[in-house]
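This report concerns only the one structure given below.
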Amino acid sequence: MKDFPKVLILNQPFNSISGGGITLSNLFKGWPKDKLAVSCLGNLITEQTQLDACDHYYQLGHKEHIWRFPLSLLKRKYPSGKVRISKQEKKVKPIKKSALREKLLKGYINPFLKWLGVLNWASTLQLSPELRIWLDEFNPDVIYAQAQRREAVIFCRLVQEYLKKPMVFHMMDDWLEVLPGEGILGNYWHQKIGGEFKEMLARCARHFSISEPMARAYQERYGFKFSTFHNPIELSFWNKSQRKAYDFGDKIQILYAGRMGLGIQSSLETMAKCLDDLNKSGEKPLELVLQVGKKPSWADAYSCIHHRGFVPYEELPDRFSGADLLFLPYDFTPSATAFIKYSMPTKASEYMISGTPILIFAPEDTALVTYAQDYRWAKVVTKNEVGVLKAALMELIDSQETRRKVATKAIEIAEQRHDALKVREAFRNELSALATNKAISLNPS
């Protein structure tokens, strides 16, 4: 019988819309529900939070998330405690948000505070008496944590110090390297948070990365050994819709699915320019489908773009295999490259198993490009030029054999390296080994 330790998850809810949430859901799938609990900020808990894997949530609200004056007057006060769940709908009951407040905070106040260099100082997390009781009642064997901001890093350390249980930290993006460019105190916060991050890592018994280049870089940077756990895929779930034919219909559809945040939009617009140009003389119309939450404002300037909102996760195999090409871009700006250099998109393994040929448009010194070039599972463009992108795209369009070769190689690598059954077993073994170890092993090298 498999051993499943009780795991407390920090700073990341289960969902199918964020990279951290999808990776979390796939790594912990099959875990007994009563052996999982999550504690995270209230703004992360939404109607998209998945409850089938875990319904034991503690929302970090006003008793734990402390804002300094005068921001304490502006910021929303989330209630602290166990998350309310609608038994009939089996969904989280999020608090109502003011659209005006959201617009002011995201569009004006937060960017201004970041520029001033005070956003990382403006709030912190603490362990309230109510949270301590909740932690004691759950009494986990192991702590699993992610973090994307300073207060989350501090929270990880506080919880580990209180529970004195082995902690695993899993890094998704190299967000620390973006800090120097954030405002007039960027360099100060880069150094300070870097020190706090390393201090938190020193309290971890295991360290996980999202890519092998990140594991190597982080071991050199912080002095700790990192194991790589990327988003695993269920072969049976994806194989049912896997693309087998590589001819085109009346039009050629290129799909991008995912987020529209830092490090993506400029390269998407470059592809739109490329397609609009090709459509002036091409035999078959080319269409760029943006399967994203909100259509970007610049998209209206391009006739080739078709917007499609997010679809349920269960529909992704059909959507990915139904496209003619899958587009995986990163921006070429210094800030974007710093953020995504060692990242591995959650959808990379999902793209690979779909059987649809993949076109990558990204800087050469990124983990994504290195992985694709080493294993030849995608057509790769590393120069930020419309002409170069156009040539690579036409190579795929003109050669059915090239499309087939790239797609079949991607399937092969996905089955070898991202099979959820194999990855989950390795992941569970890591956490089980910590749970059965009476002494907490810190500072592993």
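The values are calculated or read from the model by the stated rules, or taken from the named source; none is laboratory data. Source: prediction; values computed, not measured. No Cβ is skipped: glycine too gets one built from the backbone with ideal geometry, and neighbour counts run over all protein chains shown. With ligands, DNA and RNA removed, areas are computed over all heavy atoms of the protein, side chains included. Shrake-Rupley method; radii C 1.70, N 1.55, O 1.52, S 1.80 Å.
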How much net charge surrounds L431 when only the other residues with a Cβ under 15 Å from the Cβ of L431 are counted, with Lys and Arg +1 and Asp and Glu -1?
+4
Name the long-range amide H neighbours of V381: under 5 Å, sequence gap of 5 or more, or other chain; modelled H, no Pro or chain starts.
I360, F361, A362
Pull out a ≥ b ≥ c, the square roots of the eigenvalues of the alpha-carbon gyration tensor of the range 273-323, then state rounded if a/c is under 1.5, prolate if not and a/b is larger than b/c, and oblate in the remaining case.
oblate
Estimated inter-spin distance, Y313 and S227, nm [label 7 Å along Cα→Cβ]
2.2 nm
Which value results when the Cα radius of gyration for the chain is divided by 2.2 N^0.38 Å?
1.00
³J(HN,Hα) computed for each position of the range 421-437 - Karplus, 6.51 cos²θ - 1.76 cosθ + 1.60, integer Hz, glycine/proline x
4, 6, 5, 4, 5, 5, 5, 4, 4, 4, 6, 5, 4, 5, 5, 8, 8
Looks like the range 329-396, by Cα gyration tensor root eigenvalues a ≥ b ≥ c and the a/c under 1.5 rounded cutoff (else prolate when a/b is bigger than b/c, oblate otherwise), is oblate
Give the percent of DSSP beta bridges with both residues in the chain that are antiparallel, rounded to the nearest 5.
15 percent
What figure in square angstrom, to the nearest 10, would you give for the accessible area of K198 with a 1.4 Å probe?
90 Å²
Whole-percent pair-distance distribution, where bins are 10 Å wide, for the alpha carbons of the range 308-445
11, 33, 31, 15, 7, 2, 0
Lys/Arg Cβ at +1, Asp/Glu Cβ at -1, dipole of the range 348-445 taken about the Cα centre: which of V380, M394, A435 is farthest positive-ward?
A435
If you roll a 1.4 Å probe over the heavy atoms of the protein chains, what accessible area per residue do you get for the range 222-277, in Å²?
39 Å²
For D277 and K383, FRET efficiency with R0 = 22 Å and r from the beta-carbon atoms, rounded to 0.05?
0.85
Is there a pair in K347/K405; K273/K379; K198/K409; K383/K422; K77/K114 whose C-alpha atoms are over 29 Å apart, and which pairs would that be?
K198/K409; K383/K422
Ranked by accessible surface with a 1.4 Å probe, highest first, in what order do R376, R150 come?
R376, R150
To the nearest 0.05, how large is the calculated FRET efficiency for Y108 and D247 if R₀ is 35 Å and r is the Cβ-Cβ distance?
0.10
Under unit Cβ charges (Lys, Arg +1; Asp, Glu -1), what dipole magnitude, rounded to 20 debye, does the range 230-343 have relative to its Cα centre?
200 debye
Where a ≥ b ≥ c are the square roots of the eigenvalues of the C-alpha gyration tensor, would you call the range 111-211 rounded, which needs a/c under 1.5, or, failing that, prolate if a/b is larger than b/c, or oblate?
oblate
Here the net charge surrounding L60, from other residues whose Cβ is less than 14 Å away from its Cβ (Lys, Arg +1; Asp, Glu -1), is +4
What is the set of long-range amide H partners of R243 at a cut-off below 5 Å, with H atoms built 1.01 Å from backbone N?
G355, T356
Provide the FRET efficiency to the nearest 0.05 for the K294-T333 pair, computing r from the beta carbons and using R0 = 22 Å.
0.55
Using θ = phi - 60° and the Karplus form 6.51 cos²θ - 1.76 cosθ + 1.60, what ³J(HN,Hα) does each residue of the range 124-133 get, whole Hz, x for Gly and Pro?
8, 10, 9, 8, 6, x, 5, 5, 4, 5
Please compute the contact order of the range 141-300 in relative form: average sequence separation of alpha-carbon pairs under 8 Å and at least six residues apart, divided by the residue count, as a percent.
16 percent
Counting only protein heavy atoms with a 1.4 Å probe and every protein chain in place, the carbon and sulfur fraction of the accessible surface of the range 140-193 in whole percent equals 50 percent
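What length, rounded to one decimal in nm, is gained on full extension from N437 through to K192, with 0.36 nm per residue of separation minus their alpha-carbon distance?
Stretched fully, the N437-K192 segment lengthens by 84.9 nm.
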For a protection proxy built on the mean count of beta-carbon atoms within 10 angstrom, sort 391-401, 37-47 highest first, please.
37-47, 391-401
May I ask you to evaluate 6.51 cos²θ - 1.76 cosθ + 1.60, the Karplus curve with θ = phi - 60°, for each residue of the range 295-302 and list the ³J(HN,Hα) values in order in whole Hz, giving x for glycine and proline?
5, x, 4, 6, 5, 5, 7, 10
Residues with beta-carbon under 9 Å from that of T124, excluding T124: net charge, scoring Lys, Arg +1 and Asp, Glu -1?
+1
For the chain, what is the charge dipole size about the Cα centre, in debye to the nearest 20, if Lys and Arg each add +1 at the Cβ and Asp and Glu each add -1 at the Cβ?
1420 debye
